[in-house]
Every structure is written in C-alpha cells, then in structure tokens.
Amino acid sequence: MEIAYIVGFAVALAMALGMTPLVKRFAIRVGAVDAPNQRKVHTRIMPRLGGLAIYLAFMAAIMIALPLVSGEKPHVIWGLLLGGTIVTIVGALDDRFDLSPKVKLLGQIAAASVVVSFGVKVDFVTLPFGDGTQMGWLSIPITIFWIVGVTNAINLIDGLDGLAAGVSAIATGTIFVLALIMGNVTVAVLSAVLLGSILGFLFFNFHPAKIFMGDSGALFLGFSLAALSVLGFKQATLVSFVVPIFILGVPLSDTFFAIVRRTLNKTPISAADKNHLHHCILALGLSHRNSVLVIYAIAAMFALSAILLSTVAQWVALIVIAVTLLVLQVGAELIGIVQKGRRPVINFVQRLLSLK
C-alpha cells in the first residue's frame, strides 16, 4: 500500500501547485475577492476561492489512488467525496455571494448527514480503564455536531496568511501517522492525498499570500479533518473523542475560548471580534509570519500529544491530557484570549507561592 500513499501525495501536491494560479485568475474574473475591513489583517483586495484548488487536487489524486485501495471501504471514500463536494460548493458560493450564516450552516449539516449515511459515525466510545459503550442512535447527532463544529473551527482560525492551511496540514499529517500506526489504510491514503493538496496550496498562501483559501477551503478542510478523525479513531483505545480533539487542538481551543469570551462579555456567540488566538499573538508585537509560526508550534505540540495519547499507557495518557490542558489555560491567560487581566490559574499559583 506504500505506493498508494506516495502516488496520492505526489499527484495531489502537483495538482494543487498547478491549479492554484488558475483558480486565482478565475476568482478575480468572477469577483470572488476579499476586501479589507476593520476586523481583517490584510490591507489590499485579495482573491479567495483558493479552496477550490485544494478540492480539485484532492479529487483528482483520489481518483488515481482509489484503485490502489479499492478493497479498503470504498463506500466510505465515496461518502467523504460526496460530502466534501457539497460543503465545497457551499463555501465557493459564499466566497462569491456572501451567503447568510443560516444557509452555510444548513449546507454543513447536509454534508455531514451525507457522510454519516455512508457509515462514518462515532458508534463506540472507549472509556479509560473500561470496556466502553455503544452509542446507538446518539451516534448520528453526535457525529453531525462534531463535523459541523470542527468545520466552523477551521473557518474561525483562517485569519492570517497560511494559518488555517498550515494548522490543517499539521493535523492531517498527524492523522496520517496515527493511521499508519493503527494499520488503517483507508485513512492513511486519504490523509496523504489531503496533505499533498494542502501543501501545494500553502506554497501560494503562506505570507505574503497570493490567494486566500476562502470559505471554500476552510469548510472543505474542516469537514475533511472532522470526517477523517471520526473514521480513524472512532474505536480508539483511549476516550474516542480525546485523540481527535488533540489533533485539532488549535482551532477547537480557539473556538472554545471565543465562546467563553463572548459569554462573559454578554455578546452573541456568533458575533465577530478581534480577540482570536492569532489576534492576541499579533498584539504581543510579533510579525505576521512569526505569529503564524508560533501557532504552527502550538499545533505541533498538540499533534505530539495526540500521538502520545495513542501509544502510551492510559495512566500516562491521562497525565499528558492534564498537563496539556494546564499549559493551554496558562497560555490563554498570559495572552488574554478570554479577557485581558483575567488570570485565575496564574493568580491561584501566585497566592500559593506567597504562602511559603
């Protein structure tokens, strides 16, 4: 099966490198551009719709690699392709016509429902130090909620050149490594192809970006990562949700802190602001490129934690989870991602030290 990984990755990479300049010209021609405003970092009109290049490269490479894995759950692959097509179309329409949030949400739910109907769902949760439990009918709404949630999380972090693409590449590479460890050929091939597609596009998207991925890319990548994480780890040996949560640690934690921040500030959860992770790191004085690289490092930390969770004893895994969550909370307090000056854990530690 190694040939499938190599061919899939290489074809996807080459296709993305070749398709992205063409998609850039197409985006400009049809008016799918992103104008700067008070919330955005870029200062000039940029073509978006770059996700179309990622999608086309992925589809082309899968069609070539698919015969090499035809014996490995082909119905699941077709479910991912169909769902990915739906969510990409929704994102592309939004890139051009600025769809309402309700329409985009309905499109995401439709895509998630399609992939669930092909058997991609969380049907078994393995608990630490236990045998686990069957999810039954709850597996359907839980999986749809997970896919829609991750899809929007990737969309939220798409605020700096190369950020969403790079974080998604790190997450995809992590899924690929874990799929190899677990012997999951289907997920490994799909991940290799997706990784090649992302890296080919990232060549044009890293700072200074020549094109944005837009919602077409953010929604497609979020959908694909969510579906692959369910397909690859729905019967993992630790808590089923923990490994994919760590793989997607950066976008999910940023989304979580945004919900907490807006709740504390008594603003609508859907309200946009400039207090996301990338905004806070930029506010520390780092350059655009260095801010992205710092977030890449954070994503890599989560990736290594996810691999540890899948390979070490369960009691060690629980320690890894606890330490990672503590570091995450302290880091969030230091950069003020929830509220400036709100540092409950840091203040608690300082009070303990003052008692000595």
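The values are calculated or read from the model by the stated rules, or taken from the named source; none is laboratory data. Everything numeric here is computed off the predicted structure, so don't read it as measured data. Reconstructed Cβ throughout: ideal geometry from the backbone, glycine too, with neighbour counts over all protein chains shown. Just so you know, the surface numbers come from the protein's heavy atoms only, side chains and all, with ligands and any DNA or RNA stripped out. Shrake-Rupley method; radii C 1.70, N 1.55, O 1.52, S 1.80 Å.
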(request) List, in the order given, every pair from 121/274; 102/274; 104/274; 121/340 whose Cα-Cα distance in the structure shown is over 29 Å. (result) 121/274; 121/340
(request) Please list the non-local residues whose amide H lies under 5 Å from the amide H of residue 33, H modeled 1.01 Å from N, same-chain partners needing a gap of 5 or more. (result) 48
(request) Report ³J(HN,Hα) in whole Hz for each residue of the range 276-287, in order, from the Karplus equation J = 6.51 cos²θ - 1.76 cosθ + 1.60 where θ = phi - 60°; Gly and Pro get x. (result) 6, 3, 5, 5, 5, 5, 4, 5, 6, x, 6, 6
(request) Highest first, please rank the peptides 87-93, 346-352 by the mean number of other Cβ atoms sitting within 10 Å of their residues. (result) 87-93, 346-352
(request) Just report the Cα centroid separation between the range 190-216 and the range 269-292, whole Å. (result) 20 Å
(request) Can you send over the solvent-accessible area of residue 203, 1.4 Å probe, protein chains only, in Å² to the nearest 10? (result) 140 Å²
(request) List, in order, the whole-Hz ³J(HN,Hα) value for each residue of the range 220-229 obtained from phi through the Karplus relation with A = 6.51, B = -1.76, C = 1.60 and θ = phi - 60°; use x for Gly and Pro. (result) 5, 5, x, 4, 5, 5, 5, 5, 5, 5
(request) Mind checking which of 218, 231, 267 is farthest towards the positive end of the chain's charge dipole, using Cβ charges of +1 (Lys, Arg) and -1 (Asp, Glu) about the Cα centre? (result) 267
(request) Using every Cα-Cα pair within the chain, state what percent have a distance larger than 37 Å. (result) 16 percent
(message) Over the Cα atoms, compute the radius of gyration (one decimal) and Dmax (the largest Cα-Cα distance, rounded to a whole number) for the range 242-328, in Å.
(response) 14.8, 42
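For the ranges 251-260, 189-198, 44-53, 271-280, what's the packing order if you count other beta-carbon atoms within 10 Å of each residue, average per peptide, and put the highest first?
In decreasing order of mean packing, 251-260, 189-198, 44-53, 271-280 become 189-198, 44-53, 251-260, 271-280.
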(request) Work out from phi, with θ = phi - 60° and the Karplus expression 6.51 cos²θ - 1.76 cosθ + 1.60, the ³J(HN,Hα) of each residue of the range 108-118, listed in order in whole Hz, and give x for Gly and Pro. (result) 5, 5, 4, 5, 5, 5, 5, 5, 5, 5, 8
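Full-extension gain between residue 2 and residue 97, please, as 0.36 nm times their residue separation minus the C-alpha to C-alpha distance. Mind showing how you got there, number by number?
On the way: separation 95, 0.36 × 95 = 34.20 nm, distance 4.20 nm.
Value of the extension gain: 30.0 nm.
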